[in-house]
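K.L.:
The following block contains the structure, expressed as structure tokens.
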Amino acid sequence: KIAFQVFVSAIMIYVTDVKLESFGDLFGVSYPLQLGILSIPITIIAVIALTNAFNMIDGLDGLAASIVLLAITGLVCYNLTIELSPFTSILLATASALLPFIIFNIAPYPKVKVFLGDGGSLFLGYIISWALIYNAENINSFNPSFALWCVAIPLYDFFTVIIMRTLKKQSLMIARKDHIHHFLENLGFSKKLILMLIVSYGLVILLIGRFMENNFPAISFPVFIILFLFYLFIRIYNNSEKQVKRF
């Protein structure tokens, strides 16, 4: 699966020439950090990481699709205030398809219920990845740090799971119940409430990111990292398995 993702990412770069060429002022420096010969491999790694992050978070009805809608909202709203990109129509079409999908995905009736599956979640992650990269490299005043804010939830979950499994010396490739929705479920929250909490949290983070980009762009990325470390601290030091009260 990873080999195929590398292949299609390389083909995308070859056909469109869309790739990460710099980190911009991601680290608060006064000049963009150019990637040079590392541009293509870093782009492929970024696409694969984010694509699989969306795939890994797809463990609760409506969650992955809702997170994708949040990312699309952040991108489209940002573009409306600056300039339209070729990806805008693709993102709007994707959002239009996701809205009815979510309704049937969270439907309590088995006969009308539909699912993304690996193919669906990977495809959505792939689309969002390239939209973010295109905007970061081609839209004026679009800081790469805002791209991170748009997909904060899957990124936080992805890297937290990797760090926790590494600390526990567990395999990174075997599926386990250690994602954010499993964490909240172990705390006793119902699945519907978990969906509402994660989506609301994602929206709050997106608004924080937009505020930071508009007012304090130089520290936007450090704030993003601080919030991640706070979440990571909670996950590592909270023994939620012993709590079973339901809400």
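K.L.:
Per residue of the range 223-231, in order, report the coupling 6.51 cos²θ - 1.76 cosθ + 1.60 (Karplus, θ = phi - 60°) as ³J(HN,Hα) in whole Hz, putting x for Gly and Pro.
P.N.:
5, 4, 5, 4, 5, 5, 5, 5, 5
K.L.:
Can you give the three extents of the C-alpha atoms in the chain along their principal axes, from longest to shortest, in whole Å?
P.N.:
51, 41, 38
K.L.:
Evaluate the relative contact order of the chain (contact order divided by residue number), counting alpha-carbon pairs under 8 angstrom at least 6 apart; express in whole percent. Walk me through the numbers on the way to the answer.
P.N.:
Numbers: 265 pairs, mean separation 62.0, N = 247.
In percent, rounded to a whole number, it is 25.
K.L.:
Same structure, new question: Carbon and sulfur together cover what percent of the accessible area of the chain at a 1.4 Å probe radius?
P.N.:
Taking all protein chains in place, the chain shows 71 percent carbon and sulfur surface.
K.L.:
So how do 154-166, 174-186 stack up, highest first, on mean other-Cβ count within 10 Å?
P.N.:
154-166, 174-186
K.L.:
Take Ser39, Ser171 and sort them by solvent-accessible surface of the protein heavy atoms, 1.4 Å probe, largest at the top.
P.N.:
Largest accessible area first, the list is Ser171, Ser39.
K.L.:
I would also like to ask the following. To test your reading of the geometry: what angle, between 0 and 90 degrees and rounded to tens, separates the Cα axis of helix 191-215 from the longest principal axis of the chain?
P.N.:
It works out to around 20 degrees.
K.L.:
Return the long-range amide H neighbours of Asp61 (sequence gap of 5 or more, or a different chain), with a cut-off of under 5 Å between placed amide H atoms.
P.N.:
Here the answer is none, since no amide H 5 or more places off falls under 5 Å of that of Asp61.
K.L.:
Ignoring ligands, DNA and RNA, what accessible area per residue does the chain give at 1.4 Å, in Å²?
P.N.:
53 Å²
K.L.:
Let me ask another. If I fit a long axis through the Cα atoms of helix 117-138 and take the longest principal axis of the Cα atoms of the chain, what angle between them do I get, 0 to 90°, rounded to 10?
P.N.:
Tilt relative to the chain: about 30 degrees.
K.L.:
Let me ask you something else. Mind telling me which of Tyr78, Tyr237, Tyr134 comes out most flexible in a GNM of the chain, alpha-carbon contacts under 10 Å?
P.N.:
With Cα springs under 10 Å in the chain, the top fluctuation among Tyr78, Tyr237, Tyr134 is at Tyr237.
K.L.:
Follow-up. Tell me which residues come under 5 Å, amide H to amide H, from Ser22 once H is placed; ignore anything under 5 positions away on its chain.
P.N.:
Under 5 Å from the amide H of Ser22 lie the amide H atoms of Leu35, each far enough along the sequence or on another chain.
K.L.:
So for Glu137, Glu21, what's the accessible-area order with a 1.4 Å probe, most first? Spell out each step's value before the answer.
P.N.:
Values: Glu137 55, Glu21 80 Å².
Ranked from most to least accessible, the order is Glu21, Glu137.
K.L.:
Which order, highest average first, do 109-118, 11-20 follow once you tally other Cβ atoms within 10 Å for each residue and take the mean per peptide? Could the numbers behind the result be given before it?
P.N.:
On the way: 109-118: 10.8, 11-20: 15.1.
The most tightly packed comes first, giving 11-20, 109-118.
K.L.:
I would also like to ask the following. Between Rg and the Kirkwood Rh of the range 132-247, both from Cα atoms, what is the Rg to Rh ratio? Mind showing how you got there, number by number?
P.N.:
Working: Rg = 16.0 Å, Rh = 15.7 Å.
Taking Rg over the Kirkwood Rh, I get 1.02.
K.L.:
Could you work out how far helix 152-167 tilts from the main Cα principal axis of the chain, as a 0 to 90 degree angle to the nearest 10?
P.N.:
The angle comes out near 70 degrees.
The values are calculated or read from the model by the stated rules, or taken from the named source; none is laboratory data. It should be emphasised that the depicted structure is a prediction, and the values quoted were computed from it without experimental measurement. Ideal geometry is used to build each Cβ from the backbone, glycine not excepted, and the neighbour counts take in all protein chains shown. In case anyone asks, the SASA skips ligands and DNA or RNA and just uses the protein heavy atoms, side chains included. Shrake-Rupley method; radii C 1.70, N 1.55, O 1.52, S 1.80 Å.
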